[in-house]
Amino acid sequence: MIIYKKKKGFTLIEILLVITAIGVFSAIGLVVLNPNKQLEAGRAVKRKADMDAIAKAIEQYVVNNRGKYPPALQSVITGGTVGLCVTSPCTGGIDLTTDLAPYIAAIPLPQTGQYTITKTATGIIPAYDSSTIWATAGTTAPKLDLNFARDKQLVNAVDGTNPINFARVTNPGNIVESTPTATYVDSDRLIKTATVNAPRFTHDPITKSSQGLLIEEQRTNLWLYSTDISNVYWEKSGSMSATANQSLAPDGTNTGTLMSASGLYPNVAKTIAASTGQVYTYSVFVKYINQQNATIVQEGWGLNYSMSINLVSGTINTGTNITASSITPYSNNWYRVSATYTIPTGQTTFRPQFRIGNYDGTNYNGSQVYIWGAQLEQGAFPTSYIPTTTAAVTRSADVASITGTNFTTTSGGGWYNQAAGTWFSQFSPIYTATAAIPSNTPHIFQVYNTAINQNNYALRGAINATSFLGVARNPNPILLFPGMTFNYLVGNNIYKSVYAINSSDLIVGINGNIGTITTNTAATGMATHDRLDIGSGTGGAPPYALNGIISRLTYWPTRLSNTTLTNITK
């Protein structure tokens with residue numbers, strides 16, 4: 001007789017206990033394997049809960065006070081962003097502790113950074129600013145905070161006002177832009193054209209991250225039909241053919257031109273008149289189809305002036321006798337490539353070519369690429385794309401300034417202190433400087449006296465291999481103060497810089513490195529300031545444009561300590 005023994009299974013409680021244990025041990029394992037990631041995830045959860053609690057407390061205050069916000073927030077105009085209390089007593093933001101006491105036990109603070117409130121037409125939006133420098137500055141609040149990368153507006157984040165005058169201006173003559181000519185990268189990674197005299201808040205074409213306010217000098221695209229390379233305007237070799245409108249271009253339109261090779265030396269070019277010593281930069285957007293190699297070459301000057309690029313790896317393989325070169329990735333596998341040439345002695349024409357394949361005698365029959373956005377500009381580096389059709393197009397210089405009644409002084413309750421101050425700027429140039437670039441030193445900002453046409457002090461880019469970022473004068477002589485070793489600015493690098501000044505001394509610094517304190521011999525007799533120029537110099541004249549992106553410009557009406565200057569630039 002076979003006796004079947006009943007097997008006892010697991011109860012529901014036992015199964016749940018095992019699952020719970022597995023979850024606990026898994027969590028412990030994750031923390032052990034990546035503790036920083038897990039800790040940050042926990043902090044993110046807390047920040048979300050904090051911001052929800054703050055928002056609910058403000059909403060309850062509004063309900064109980066007939067639609068009015070707490071007094072400190074009531075004064076913020078629509079579109080304004082303010083920081084919440086970061087120290088005790090509260091400085092560098094607004095204090096809602098007393099007003100919200102009936103609705104929240106205490107105003108929560110993040111471990112680092114700062115909570116902010118943005119006032120909109122329909123309510124408030126709480127947020128977390130991890131890059132805040134208000135908290136780092138301690139007990140002193142800024143009076144002007146232009147957080148272009150975060151806000152994408154010409155707004156002072158301290159009070160929500162818009163003090164900046166902005167336009168694109170032609171020099172000479174100060175003729176203001178009348179037709180749209182300026183482009184930027186939007187948050188969808190596509191190249192867009194800004195409306196007339198509108199600021200350009202540009203983005204990274206790959207990550208979509210907001211970068212800030214784009215400031216460029218005046219430039220002209222000398223080539224016509226920049227998107228239609230199939231047009232008869234373009235000179236094509238017998239082994240190169242072009243078919244229009246075959247691919248989505250970097251601007252999202254179906255205007256990419258298909259370039260097909262059928263033999264040796266397939267190229268497309270355009271000849272222009274040139275003079276000895278002139279500097280030109282040629283740029284074009286290129287996309288791989290089945291041939292990864294391409295070349296930009298100038299023939300007829302007696303030497304090999306060429307640049308070889310790889311459209312798969314996105315790299316420049318070789319460059320010979322060219323002044324500078326670049327390759328920049330864009331969305332949908334496009335690259336923008338550029339080559340800069342200095343016209344040699346005795347040459348009267350310039351004919352840069354784009355070639356499929358390498359600079360050799362290989363038969364490239366069947367090789368294809370897409371190209372779009374051809375640009376030739378007189379200058380030592382490429383600027384943002386300028387579309388053309390039947391005529392050359394000039395993009396005027398971006399000019400941003402605070403003048404007139406918007407340039408308010410602390411003596412009248414405003415933001416600017418004539419006697420002392422600290423400036424913080426975060427910026428990124430669009431080119432790599434050399435001894436010859438630029439001929440006019442780029443300005444991140446300058447404080448100016450309009451009546452005597454003089455910049456009393458300014459934050460400048462490097463003017464030689466070891467001197468960085470500063471000038472002050474009273475009016476003469478110009479006082480440069482390096483105090484530190486610094487190389488030329490590198491294109492697309494992010495720099496955090498400071499300029500601090502009072503009646504006795506001044507100092508500059510960058511990326512956590514602070515220079516030597518310099519006696520301010522220029523203080524006596526320094527003219528009264530009445531203008532702030534942002535990203536340019538000499539009263540907004542285009543030649544001193546930054547040619548870069550300003551992410552943030554912040555001003556405190558006092559000279560901060562050297563320790564603070566170091567901390568806010570790290």
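The values are calculated or read from the model by the stated rules, or taken from the named source; none is laboratory data. Keep in mind that what you see is a predicted model, and the values were worked out from it rather than measured. Note: ideal-geometry Cβ built from the backbone for every residue, glycine included; neighbour counts use all protein chains shown.
Could you tell me which of the residues 230, 239 is touching a Pro at 6+ places or on another chain (Cβ under 9 Å) and assigned by TED's automatic domain parsing to the domain that holds residue 388?
On the way: 230 fails: touching a Pro at 6+ places or on another chain (Cβ under 9 Å).
Going through 230, 239 in turn, the sole match is 239.
Residue-by-condition table, conditions (1) more than 22 Å from residue 351 (Cβ to Cβ); (2) touching a residue at least 40 places away in the same chain (Cβ under 8 Å):
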| position | (1), (2) |
| --- | --- |
| 218 | yes, yes |
| 232 | no, no |
| 250 | yes, yes |
| 253 | yes, no |
| 266 | no, yes |
| 273 | no, yes |
| 290 | yes, yes |
| 296 | no, yes |
| 299 | no, yes |
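Restricted to strands (runs of 3 or more DSSP E) entirely inside segment 166-268, those with at least 1 residues that are over 27 Å from residue 147 (Cβ atoms) and either modelled with pLDDT under 95 or not polar (S, T, N, Q) (or both) are 219-221, 240-247, 256-261. Annotation note: of 191, 215, the sole residue that is among the hydrophobic types (A, V, I, L, M, F, W, C) and under 14 Å from the mean Cα position of the chain (by Cα) is 215.
State whether one or more residues within segment 143-156 are at pLDDT 80 or above, under 25 Å from residue 409 (Cβ atoms), in a loop (DSSP other than H, G, I, E, B) and over 22 Å from the mean Cα position of the chain (by Cα). Yes - at least one qualifying residue is present in segment 143-156.
Residue 264 passes every criterion in (1) within 33 Å of the chain's Cα centre (by Cα); (2) surrounded by fewer than 19 Cβ atoms within 10 Å (Cβ to Cβ); (3) among the hydrophobic types (A, V, I, L, M, F, W, C) apart from (1). Just for segment 478-506: of the residues that are at pLDDT 85 or above and assigned to a strand (DSSP E or B), which one is farthest from the chain's Cα centre (by Cα)? Step by step, filter segment 478-506, then rank; the result is 500.
Can you name the number of the only condition in (1) under 18 Å from the mean Cα position of the chain (by Cα); (2) at pLDDT 85 or above that residue 96 fails? So residue 96 meets the others, but not (1).
For (1) surrounded by fewer than 16 Cβ atoms within 10 Å (Cβ to Cβ); (2) assigned to a loop (DSSP other than H, G, I, E, B); (3) at pLDDT 85 or above; (4) charged (D, E, K, R), each residue gets a yes or a no:
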site: 374; (1), (2), (3), (4): no, no, yes, no
site: 377; (1), (2), (3), (4): no, no, yes, yes
site: 387; (1), (2), (3), (4): no, yes, yes, no
site: 391; (1), (2), (3), (4): yes, yes, yes, no
site: 398; (1), (2), (3), (4): no, no, yes, yes
site: 411; (1), (2), (3), (4): yes, no, no, no
site: 445; (1), (2), (3), (4): no, no, yes, no
site: 456; (1), (2), (3), (4): no, no, no, no
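Scanning segment 121-142 for residues that are in a strand (DSSP E or B) and of a type in the set (A, V, I, L, M) gives 124, 125, 127.
For segment 304-321, the set of residues classified as of a type outside the set (S, T, N, Q) and touching a residue at least 24 places away in the same chain (Cβ under 8 Å) consists of 305, 307, 309, 311, 312, listed by residue number.
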